[in-house]
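Quick note: the coordinates plus some simple rules give every number you see, no bench work behind them. Computed from a prediction, not measured in an experiment: that's the story for all the values here. Here the Cβ positions follow ideal geometry from the backbone for every residue, glycine too, while neighbour counts run over all protein chains shown.
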Number of protein chains: 2
Amino acid sequence: MTGYAPAEAARRSGFSLDTLRYYEKIGLLADVNRTAGGQRVFTDDDLSWLVLFRCLRDTGMPIAQMCRYAALAREGEHTVDERRELLQRHAAQVEEQMRLLQRQYDHLREKIRFYERLPGPTPPDDDR
Amino acid sequence: MTGYAPAEAARRSGFSLDTLRYYEKIGLLADVNRTAGGQRVFTDDDLSWLVLFRCLRDTGMPIAQMCRYAALAREGEHTVDERRELLQRHAAQVEEQMRLLQRQYDHLREKIRFYERLPGPTPPDDDR
DNA sequence: CTCCAACCTGGAGTGCGCTCCAGGTCAAGG
DNA sequence: CCTTGACCTGGAGCGCACTCCAGGTTGGAG
């Protein structure tokens, strides 16, 4: 039942206030409580949604897909299968992303090793 | 000495033809050879630059920084230190990126485990 | 020589995910 | 009360990295 002021919610979630408003505007975050005067009051539940959104975004899920997930969750129990599958598909993409990142990181490291061996008898520099 | 037509270069590099032209326009790719009539002819050297650009982009380097790197390389031998440092700083950022991705992937997996335990005596679903 | 698919240019348009702004309202401390 | 900093709304603007377009040119197959 604890309520958080917008600035506090922003601080805790790591999203900017503008981003929180934006997420509400596009329907990603729905039914945010308000004071009588119309100011937002975020709940712990809102906060845990934001934690999830951060996770999904950091792993590269497009906002449209997060909206889809959130809409399914709001629809109720009968969407759990679809929600699970959505997350599983995403997880598979993240795995692919991690493999690619690792591979390219290795290339980068190799490139750096090339530079680190330069000072000394300079080998033919391909300048790439 | 082998030369590649634009379409072939696109195919080999994985960049679109428009992107290759764009990279040239912004000065990322410089001095691309032309036929008498003005059509581009890509060399193996151009291709290896493109391979590097792909590596840097896949690891999240902004184009402006790639331009900087390319400009340094064009300037000659005396920029090797700066080039190495640029790549090293980038590699450090990639490491951070990989750690974050792994961490959020773990969260995601946990979330999925939550869904996988659902079918059975349904525990209190927090719907997050 | 003719044809047409591939290519050229400059510049406008796109999609994403915010971010900023103007002009007004709210609410807690003094 | 009064002040003032946090908050509100709708909508415009931005930065990035392309992507697309119109209108014209090139060059290799037949």
*Relative to the first principal axis of the alpha-carbon coordinates of chain A, what is the inclination of helix A:63-75, with its axis defined by its Cα atoms, in degrees from 0 to 90 and to the nearest 10?*
30 degrees
*Which FRET efficiency, nearest 0.05, do B:Cys67 and A:Gln39 yield, Cβ-Cβ r, R0 41 Å?*
0.35
*Over all residues in A:105-112, what is the mean tally of Cβ atoms on other chains that come within 10 Å of each residue's Cβ?*
6
*Tilt of helix B:44-58 relative to the longest C-alpha principal axis of chain B, in degrees (0 to 90, nearest 10)?*
30 degrees
*Shielding of A:76-85 by partner chains, average beta-carbon count, 10 Å*: 3
*Could you work out how far helix B:80-116 tilts from the main Cα principal axis of chain B, as a 0 to 90 degree angle to the nearest 10?*
30 degrees
*Take the protein assembly as shown, compute every pairwise Cα distance, and split them into 10 Å bins from 0; I just need the percent in each bin.*
6, 23, 23, 19, 16, 10, 3, 0
_At q = 0.17, 0.19, 0.22, 0.24 Å⁻¹, base-10 log of I(q)/I(0) for region A:6-116 (Debye sum, equal scatterers on each alpha carbon)_ = -0.87, -1.00, -1.20, -1.32
*Extreme residue, positive dipole direction of the protein assembly as shown, given options B:Phe15, A:Thr43, B:Ala36 (C-beta unit charges)*: B:Ala36
_Test item: Cα-centred dipole of the protein assembly as shown, Lys/Arg +1 and Asp/Glu -1 on Cβ, debye_ = 240 debye
*Hey, quick one: spin label on A:Arg57, modelled 7 Å out along Cα-Cβ, who in region A:86-115 has an amide N within reach, i.e. under 13 Å?*
none
*asked:* What does the structure give for A:27-33 when I average, per residue, the other chain Cβ atoms found within 10 Å of the residue Cβ?
replied: 0
*R0 of 51 Å, Cβ-Cβ distance B:Thr79-B:Arg109: FRET efficiency to nearest 0.05*: 0.70
*asked:* Using alpha carbons only, how many angstrom separate the centre of region B:45-121 from the centre of region A:40-91?
replied: 26 Å
